[in-house]
Amino acid sequence: MGRQVKFVQGNEACVEGALYAGLGFFAGYPITPSTEIAELLSARLPQNKGIFMQMEDEIASICAIIGASLTGRKSMTATSGPGFSLMQEALGFAAMAEIPCVIVDMQRGGPSTGLPTKLSQGDVNQARWGTHGDHAIVAMTASNHQDIFSVTVDAFNFAEMYRTPVILLFDEVLAHMRERLEIPSPGELPLVERLKTGVPEGVDYHPYLPREDGRLPMSDFGGVHRYNVTGLFHDMWGFPTEDPKIVYGLMRHLVDKIEHHVDDLTRYREYFAEDAETLLISYGSAARSALHVVMNRRQRGERLGLLELQTLWPFPAALVRQKAEKARYVVVVEMNMGQVLQSVKAAVERPDRVSLANQVDGTLITPTSILNILRIIQGRGV
Amino acid sequence: MATKDYIRERFFPHIWCPGCGHGIIMNALLHAIEQIGLKKNDIVMVSGIGCSSRISGYLDFHTLHTIHGRALAFATGVKISRPELTLLVPMGDGDALSIGGNHFIHACRRNIDMTAIVMNNRVYGMTGGQYSPLSGYGTYATTAPYMNIDQDFDVVQLATASGATFVARSTTYHVHEMTAILKAAILHKGFSVVEVMSQCPTYFGRKNKEGSASDMMEKFRARTVPLGSKKKQEDPTLIERGIFVDKQMPEYCEEYQKIIGRAMKDK
Ligand SMILES: Cc1ncc(C[n+]2csc(CCOP(=O)(O)OP(=O)(O)O)c2C)c(N)n1
Ligand code: SF4
Ligand SMILES: [Mg+2]
């Protein structure tokens, strides 16, 4: 089968990516601007023996996908700010019990009901720290529909590879904007399937005993191995424990399995970053405007560059430090009060050189606005 | 298979207080499972958080100990993905009907084939004796030192009104009856709710001066009657036991298979 070309919304690009990755179960609750994902999947999933469920709320939705994932199905839910808030406790359960799943947050203006049909990138830090307790998490984004497709595939791969929930942080502009999408032919993008245990029936299987490489082979619920899954700190059988040594070991494992693989988990794009005197760092729909500015200014000979982050968590600090090394000005372009700005400042050698070009009125920051802010930062005035 | 073969001895002793009713329910449930002849690999037990919910850890099934109130939502994801599995969902009264009340009514309505067991001790045991939505007006709790003024739910009426296709009630005093009811509930195709009146001597018993565990169970004997008994007409405060609803309705997983059939035709 060749490549299929479609003209789609970002929501649909995400759906196509999820189906390409092998999505087998979706549960969700309607909320703007993610609703189209549920609508599309209610039609598409059962065509391939997949399952779609509209649940009573977002809490039930994320719980159902965790349950389905335990039986071996690749599972996903999709929501926006208010629903993402409701999901936080169960998200922590998935992190603690190490159940692969994908959660899409089509960000809209917040806090609270905020701006239902308008854009923001205000959930970046909620994705990192929304659930209580120390933990590591993977969160990704993209700025165009082709990349939405591919990071969605990455999200499913990472979820399986690292046995973790993965958050896709897109936004309202991407969700509803239409753009060309070329769907890769089957087999073109690598897919990570669930690592299943080779322990035969009747032999003691330890669901929470990591292999040498840190990975945990799984056994499907309903299969030949019976074990316990809990959100409490647990031993290698999955049984609750308060033994300080085991508690510490599990905490280290949960954090290290992600933080030790930042390179593998990092996806990004760069445009003229190497010799940039002014380096923009952006992501999601804001990166579209940032890219526009860079292309436009380069034509006039200005040394502007863009580092577009696709993996936001774990934060690719080493990459950011290296790319920002030679820049005189580092400017973070984002649609919030400076959520990625904090991480960039912490990553670079000279945080005093890092500034924020943001917009928080529900509309997309324009290239002109970015340019005006840049001129001020560079001391040139508007 | 003997009932002890369903137990994970490795994880004993259990956390329950002496006299707690939850162990009696576990015992009756295992007898029901044994009588049906279910294989351990065919059973998935999903529980929430509470003293009651610890039951899942002790049993040698596929066990999922989740978060407070959400067991039915997790169980729904498991069941629809693997409809051939038998889903058992034990919950505390607070777990099932306070924080989990929304999931409870919607699972009833959906009629997905699983058995919800409400281990009703009328108190939040695990957190130390606060009143639950099942405590009822006039009771005492660690958060109701002057008296509880919250009205309670009738679990049977709530489940019935929400559309559960099998609804029953028993108590820890009536172990044989409870076993028979649990057996019927598991065999029922559709969403089954079994309320089991259970005792928490440590908190509900102490706060309400109900005496020892056996005194509390004696009260279950004295204050309940079989469904349809004449005594209930004479004394309406008596609580009825038995099977209140047992009907057939389209089951969710089977209906979803039909949806797949339709979608594949349309493809
Ligand atoms: C979201 C959340 N809120 C509160 C708690 C604290 N909590 C744990 S168990 C419980 C109530 C237990 O009562 P019940 O469900 O009746 O079970 P029992 O212990 O009586 O068997 C509460 C409030 C929690 N674990 N999670
Ligand atoms: S506190 Fe009550 S419910 Fe919990 S184990 Fe003790 S007796 Fe049972
Ligand atoms: Mg209780």
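The values are calculated or read from the model by the stated rules, or taken from the named source; none is laboratory data. Here the structure is a predicted model, which means the values were calculated and not measured. Virtual Cβ from ideal backbone geometry, glycine too; neighbours counted across all protein chains shown.
Below is a table of values for the structure above.
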item: From A:121, A:126, A:47, A:88, residue being touching a Phe, Trp or Tyr at 6+ places or on another chain (Cβ under 7 Å) and among the polar types (S, T, N, Q); result: A:126
item: Residue A:226 in a strand (DSSP E or B) and either within 14 Å of chain B (Cβ to nearest Cβ) or in contact (Cβ under 8 Å) with a residue 40 or more places away in the chain (or both); result: no
item: Pick from the range B:138-158, criterion in contact (Cβ under 8 Å) with a residue 12 or more places away in the chain and over 30 Å from residue B:192 (Cβ atoms), ranking: farthest from ligand 1 (Cβ to nearest atom); result: B:149
item: Members of the range A:61-102 found to be among the hydroxyl-bearing types (Ser, Thr, Tyr) and within 12 Å of chain B (Cβ to nearest Cβ), listed by number; result: A:61, A:69, A:71, A:75, A:77
item: All positions within the range B:44-58 that are assigned to a strand (DSSP E or B) and more than 9 Å from chain A (Cβ to nearest Cβ); result: B:45, B:47
item: Condition met for residue B:89 (within 14 Å of chain A (Cβ to nearest Cβ), within 16 Å of ligand 3 (Cβ to nearest atom), at pLDDT 95 or above and in contact with a helix residue (DSSP H, G or I) (Cβ under 9 Å, 6 or more places away or on another chain)); result: yes
item: So residue B:117, is it touching a residue at least 40 places away in the same chain (Cβ under 8 Å) and closer than 16 Å to residue B:186 by Cβ; result: yes
item: Selected residue (only one of B:92, B:163, B:101, B:125 is touching a residue at least 60 places away in the same chain (Cβ under 8 Å) and within 12 Å of ligand 1 (Cβ to nearest atom)); result: B:125
item: Filter result for residue B:141 (farther than 20 Å from residue B:48 by Cα, away from every other protein chain (no Cβ under 13 Å) and within 16 Å of ligand 3 (Cβ to nearest atom)); result: yes
item: Close pairs (7 angstrom Cβ cut-off, 6 or more residues apart or separate chains): more than 12 Å from chain A (Cβ to nearest Cβ) in the range B:244-267, of a type in the set (Asp, Glu) anywhere; result: B:251/B:113
item: Filter pass, residue A:127 being crowded, with 24+ Cβ neighbours inside 10 Å, more than 14 Å from chain B (Cβ to nearest Cβ) and under 29 Å from residue A:72 (Cα atoms); result: yes
item: Residue selected from the range B:185-202 under the condition crowded, with 24+ Cβ neighbours inside 10 Å and within 16 Å of ligand 1 (Cβ to nearest atom), by the criterion farthest from the other protein chains (Cβ to nearest Cβ); result: B:197
item: The one condition in (1) crowded, with 19+ Cβ neighbours inside 10 Å; (2) outside any strand (DSSP E or B); (3) within 9 Å of ligand 1 (Cβ to nearest atom) that residue B:135 fails to fulfil; result: (3)
item: The listed residue being away from every other protein chain (no Cβ under 13 Å) and in a helix (DSSP H, G or I), out of B:27, B:41; result: B:27
item: Residue in the range B:210-231 that is within 16 Å of ligand 2 (Cβ to nearest atom), hydroxyl-bearing (Ser, Thr, Tyr) and more than 14 Å from every other protein chain (Cβ to nearest Cβ) present; result: yes
